[in-house]
Amino acid sequence: MKLDLRRLELTGQSTIGRLAVDGVDFCWTLEDVVRTGPKVYGQTAIPAGTYAMQLTLSPRFKRVLPLLVNVPGFEGVRIHPGNTAADTEGCILVGLGHADDRITDSRAAFDALFTRLKAATDRGEAISLKIS
């Protein structure tokens, strides 16, 4: 399964994008600010690139969540529900709608995405996420 995240709106507060699943537009995303200078812990979007993804138990959330593997300078980067940059901690949030520096209907978007990711994993498919 191939996920493609296109960063579209970069502000001083957040980064809004669109996520496609296997080439089909799926939902909105929200990340921290894309920085060209030093990383600010919990307030910086991960570098653009392609990452393998696994479903693993999150110690913070106490449930299985998607984990991006081998993100340079970052650990524990996940996709999870949330609505603003204050909810990200460097992770990627998903939602069905968006407004200035926020996304909406995050739990519904996450549940739909997780169902697809789990099915792909159960079929033995590798999952990758390309961020551009």
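The values are calculated or read from the model by the stated rules, or taken from the named source; none is laboratory data. If you're wondering where the values come from, they're calculated on a predicted model, not measured in any experiment. So basically every Cβ, Gly included, is an ideal-geometry build from the backbone, and we count neighbours across all protein chains shown. SASA here: full protein model, heavy atoms, side chains in, ligands and nucleic acids out. Shrake-Rupley method; radii C 1.70, N 1.55, O 1.52, S 1.80 Å.
Descriptive notes on the structure:
- Cα centroid separation - the stretch 114-128 against the stretch 1-19, whole Å: 21 Å
- Summed residue charge, Cβ within 12 Å of E89's Cβ, Lys/Arg positive, Asp/Glu negative: -2
- Per residue accessible area of the chain, 1.4 Å probe, in Å²: 51 Å²
- Positive minus negative residues near G23 (Lys, Arg vs Asp, Glu; Cβ under 14 Å): +2
- Backbone phi angles across the stretch 86-94, fed through the Karplus curve with coefficients 6.51, -1.76 and 1.60 (θ = phi - 60°), yield HN-Hα couplings of 5, 8, 7, 6, x, 8, 10, 9, 10 Hz in residue order; Gly and Pro are listed as x.
- Taking all protein chains as shown and a probe of 1.4 angstrom, K2 keeps an accessible surface of around 140 Å².
- Using alpha-carbon coordinates, inclination of helix 106-122 to the longest axis of the chain, degrees: 40 degrees
- What a 1.4 Å probe finds exposed on the chain is 53% carbon and sulfur by accessible area, rounded to a whole percent.
- For the chain: lysine pairs under 20 Å (alpha-carbon distance), excluding those fewer than 8 apart on one chain: 4
- Antiparallel bridge percentage (DSSP; both residues within the stretch 10-132; nearest 5): 90 percent
- Cβ-derived FRET efficiency at R0 30 Å, A52 paired with R18, nearest 0.05: 0.90
- Under 5 Å, built H, 5+ apart or other chain: amide partners of V33: A45
- Phi angles across the stretch 30-45 convert, under the Karplus curve 6.51 cos²θ - 1.76 cosθ + 1.60 with θ = phi - 60°, into 3J(HN,Hα) values of 9, 10, 5, 5, 7, 10, 8, x, x, 5, 10, 3, x, 9, 10, 5 Hz, Gly and Pro given as x.
- Calculated log₁₀ intensity ratio I(q)/I(0) where the Debye formula runs over C-alpha points of the stretch 60-128, q = 0.18, 0.23, 0.24, 0.27 Å⁻¹: -0.75, -1.09, -1.15, -1.26
- Full-stretch length increase - K118, T11 - with 0.36 nm per residue and alpha-carbon distance subtracted: 35.3 nm
- Inverting the pair-averaged 1/r between distinct Cα atoms of the chain gives 14.5 Å as its Kirkwood hydrodynamic radius.
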